[in-house]
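One structure is given below, encoded as structure tokens.
The values are calculated or read from the model by the stated rules, or taken from the named source; none is laboratory data. Quick caveat, the model's predicted, so the values are computed rather than measured. Cβ placement follows ideal geometry from the backbone for every residue including glycine, while neighbour counts extend to all protein chains displayed. Accessible surface is based on the protein model in full, side chains and every heavy atom, while ligands, DNA and RNA are left aside. Shrake-Rupley method; radii C 1.70, N 1.55, O 1.52, S 1.80 Å.
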Amino acid sequence: MSRRCRRLACMAALCALASLPVAAAPSCPPADDAAPGLSAWRQPDFMSQSSDALLAWATGMVGCLSHPNPAWRDGQAYEGLSTLLRKAVLTPAAQAALAESLLQVLQAPDPAYFGPPFAALVLAELVAADARRPALPLPLLQRIGREGAAFLASVQDRRGFDAQQGWRHAVAHGADWVAAIAGHPGLRASGLHAALRDAVAAQLAPSGHRYTEGESERLMVAVVHLARSGCFSAADWKAWFLRQLDPSPMGSWAEAFGSALGLTRRHNLRGFLFAVLVEVRLNQDATDDLLLPAAEAALRAMR
């Protein structure tokens, strides 16, 4: 079936889905089926169920992405939803319904801030699944793209791992989401890539926060996918990198050694730049090689 036919079939299925009543938000863990239900996806025959049954389970797991227990949030809900999407067993309508549920998590009150970062991570999986096997209607896919850029750009809670509470890691998860959007061939003509690149820039060196848990590498992956999209020239990238390396309000990068804020900013930017250089030099994809002169020029500017 052609991509156009798949899109039309998906839109027809969504019209049918729209007539169904919206279920109430599930509790987590489900009151009548706690731990065994959460881990049901690990059973050998689980993925052979109907798409409706899988969607019902997945909707329940979306509620668990906000749970304070990392074993439910990360070890069961995220891993289960990720497996479900990678197996490609949901119908287009079910996949679209799951996307809508995940987008709602981004808007729901969550004082502990567990749900949005994990919804972002599952949305990254969903976009990657759609890139492999197109299923989502283009308007929804474009909305997911816009939401991904907005999410990463707006992250203020940069907590990573906590020994009791587990992961939040919104910057890394948002970067994964942006990378998936940038790598989706159906979005290359969407006009989203400038906003995606701006979102990465917003998180490269946040004031006073030192990245220690792989955030710079995950931001690097997003930039590499943006480079591979072909939406920017080598000159565009050189100008973008040099904008990030502007030392203002310091007069020069030499002044960074005189303040904790300056050292933190220098640490984050150099970590990102070295990650770009290592990745582009070691991988076998020549479409991202245009980043090399830009990253090298930026590093020289920081000496």
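Accessible-area rank, largest first, for C64, C231: C231, C64, with all protein chains present and a 1.4 angstrom probe. Within the shell defined by Cβ-Cβ distances under 12 Å, the residues around M47 carry a net charge of +2, with Lys and Arg each +1 and Asp and Glu each -1. Dividing the summed helix terms, -39500 (n - 2.57) for each DSSP H run of n ≥ 4, by the number of residues in the chain produces a 222 nm estimate of -18500 deg cm²/dmol to the nearest 500. Expressed as a whole percent, the accessible area of the chain that falls on carbon and sulfur atoms is 57 (1.4 Å probe).
In the assembled protein chains, E279 presents an accessible area of approximately 60 Å² (probe radius 1.4 Å). For the stretch 261-302, the solvent-accessible area with a 1.4 angstrom probe is 46 square angstrom per residue. Accessible area per residue (1.4 Å probe, heavy atoms of protein chains only) ranks D288, D157, D236 as D236, D157, D288, with the largest value leading.
Among complete DSSP H helices in the chain, those whose alpha-carbon atoms stretch at least 27 Å along the helix's long axis and whose mean Kyte-Doolittle hydropathy reaches -0.5 are 260-282. Would you work out if the stretch 55-199 is rounded, prolate or oblate? Take a ≥ b ≥ c from the square roots of the eigenvalues of the alpha-carbon gyration tensor; rounded if a/c is under 1.5, else prolate when a/b is larger than b/c, oblate otherwise. Oblate. Within the stretch 92-169, the trypsin sites (Lys or Arg not before Pro) that combine a DSSP coil assignment with at most 16 other C-beta atoms in a 10 angstrom radius are R159.
Couplings 3J(HN,Hα) for the stretch 157-167, derived from phi with the Karplus relation 6.51 cos²θ - 1.76 cosθ + 1.60 (θ = phi - 60°), are 8, 9, 5, x, 9, 10, 4, 8, 8, x, 8 Hz, where x marks Gly and Pro.
Compactness check for the chain: Cα Rg over 2.2 N^0.38 Å is 1.06. Look at the Cα gyration tensor of the stretch 220-303: its axes a ≥ b ≥ c give a/c of at least 1.5 with a/b over b/c, and that counts as prolate.
Among 247-253, 65-71, 89-95, the peptide with the highest mean count of other Cβ atoms within 10 Å heads the list, and the full ranking is 89-95, 65-71, 247-253. Dipole size of the chain about its Cα centre, with +1 on Lys/Arg Cβ and -1 on Asp/Glu Cβ: approximately 760 debye, rounded to the nearest 20. Taking Cβ atoms as reference points and 12 Å as the exclusive limit, the residues near A88 contribute a net charge of +2, counting Lys and Arg as +1 and Asp and Glu as -1.
Overall, the anisotropy analysis places the stretch 65-146 in the oblate class: the square-rooted eigenvalues a ≥ b ≥ c of its C-alpha gyration tensor yield a/c not less than 1.5, with a/b not exceeding b/c. Take 192-201, 79-88 and order them by the average number of nearby Cβ atoms within 10 Å per residue, most first; the result is 192-201, 79-88. Within the shell of other residues whose beta carbon sits under 12 angstrom from the beta carbon of E215, the net charge comes to +2, with Lys and Arg scored +1 and Asp and Glu -1.
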